[in-house]
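Below is one structure, written out as C-alpha cells; comments come after it.
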C-alpha cells in the first residue's frame with residue numbers, strides 16, 4: 001500500500017511520519033485491496049485536522065477527524081477508516097456468499113427428491129416424482145449412464161439438438177431413443 005502524506009500550515013517531521021505509517025499499514029490486514037492511502041494533515045490555531053483517503057478498486061473511503069492533538073486526530077481517523085473497511089469487507093463477503101448460493105446451491109435443489117405420492121384431483125395418484133439432470137449429453141453418453149444405473153429409462157437433454165430425449169432399455173437387450181416431434 002502506497003501511503004502519501006501531505007501537511008498544511010506546519011512542517012512534517014520524521015516521528016510523525018513513522019507514527020502515521022505504523023497506524024495505517026495495519027489496514028492491509030483488514031482489507032488487502034488497498035491501492036493508495038492519502039493522508040492530509042492540517043494544523044489550525046488550536047486544532048489538528050486529519051483526513052485519510054483510501055483508494056480501493058471500486059470504492060473510495062474518507063475519514064476526517066480533528067482534535068487539539070494531531071496524534072489523537074490520527075488515531076481517531078485510523079479507527080474510523082477501520083470501521084469503514086470492516087463494513088466494506090463484510091458487505092463483499094455477503095455478496096460473495098449470495099452469489100455462491102445463487103449459482104451453485106439453487107441449481108442443486110433440482111436434484112432433491114420430490115414427494116413420494118401426489119394426489120391429482122382426488123382420483124389418480126402419482127407414486128413417485130423424479131427430476132432429471134439438465135446437463136446436455138449425447139445419446140451414447142446417456143446409454144452408458146443408463147447402463148450404470150438399474151433404471152429402465154433415462155431422460156436427458158440432447159447435446160446435438162438441445163431437446164429433451166428419453167433413452168430406454170428394451171426386452172431384447174437393445175436401447176430405444178424417444179425424440180420429441182413438436
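Here are a few things to note about the model shown:
- Applying the set (1) buried (at least 16 other Cβ atoms within 10 Å of the Cβ); (2) under 22 Å from residue 2 (Cβ atoms) to residue 76 leaves exactly one unmet item: (2).
- Answer from 69, 90, 75 - the residue that is touching a residue at least 12 places away in the same chain (Cβ under 8 Å) and over 19 Å from residue 25 (Cβ atoms): 69
- Looking only at the range 137-153, and only at residues there that are surrounded by 14 or more Cβ atoms within 10 Å (Cβ to Cβ) and within 35 Å of the chain's Cα centre (by Cα), the one that is farthest from residue 173 (Cα to Cα): 137
- Residue in the range 90-111 that is closer than 19 Å to residue 169 by Cβ and either at pLDDT 60 or above or assigned to a helix (DSSP H, G or I) (or both) present: no
- The sole residue among 49, 42, 11, 65 that is farther than 20 Å from residue 83 by Cβ and surrounded by 14 or more Cβ atoms within 10 Å (Cβ to Cβ) is 42.
- Sole exception among (1) crowded, with 16+ Cβ neighbours inside 10 Å; (2) in contact (Cβ under 8 Å) with a residue 40 or more places away in the chain; (3) closer than 16 Å to residue 1 by Cβ for residue 84, by number: (2)
The values are calculated or read from the model by the stated rules, or taken from the named source; none is laboratory data. This is a predicted model, so every value here is computed, not measured. Neighbour counts are summed over all protein chains in view; Cβ atoms, including those assigned to glycine, are modelled from backbone coordinates with ideal geometry.
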